Amino acid sequence: MHRMINLHLQIIKFFRQEIKKKHSLRKWISILKDFFKSYFDILLKEYKSLFLMFDIEYQKQKKAYNNQQKLKADLNRALKLFRYIDHKMEKSGETRQRRRQFWQNFFRSGQVRRDIFDDLLKEIR
């Protein structure tokens, strides 16, 4: 509803500006033709979104899609964190074998994970 009100307010502003300009009849016809084409396209999109709002199957699909996108974003953040930790160890001069041992311990032991995340929280602060 709010978008429809804003749409009509923008239309009023547009026509106020265009009325001040001197246009020929041919130009006015062109402006109105383009306007009505755009207006009906926007109205059609709004009505489609309104009908989809009440479609139960669409809502289920949208919820599943949003959950998938949230999971994807979480995994990307976790990957960035792991890359940061690995890069930090590489910069400090740790050997490849020592880093591999660290990652094995990291995935096996919960205490190692907690220690690493506590260190990271201290770095952030």
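Tabulated data
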item: Read-out percent of Cα pairs over 17 Å apart, derived from the coordinates shown; its label in (i) 76; (ii) 71; (iii) 60; result: (i)
item: Length gained when the stretch Arg83-Lys122 is fully extended (0.36 nm per residue, less Cα-Cα span); result: 12.2 nm
item: Listed pairs Lys48/Lys72; Lys63/Lys91; Lys72/Lys122; Lys13/Lys62; Lys45/Lys70 exceeding 31 Å between Cα atoms; result: Lys63/Lys91; Lys13/Lys62
item: Label-to-label distance, nm, for residues given as Gln97 and Phe14 (7 Å Cα→Cβ offset); result: 7.1
item: Sum of -39500 (n - 2.57) over DSSP H runs of 4+, divided by residues of the chain (222 nm, nearest 500); result: -31500 deg cm²/dmol
item: Farthest toward positive dipole pole in the chain [+1 Lys/Arg, -1 Asp/Glu at C-beta], among Met53, Ile19, Leu9; result: Ile19
item: Net charge dipole size for the chain [Lys, Arg +1 and Asp, Glu -1 on Cβ; Debye, nearest 20]; result: 460
item: Degrees, to the nearest 10: 56-91 long Cα axis against longest axis of the chain; result: 40
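Since every read-out is calculated from the coordinates, none of them should be taken as a lab result. Fair warning: this is a prediction, and the values are worked out from it, not measured in the lab. FYI the Cβ positions are ideal-geometry reconstructions off the backbone, even for glycines, and counts take in every protein chain you see.
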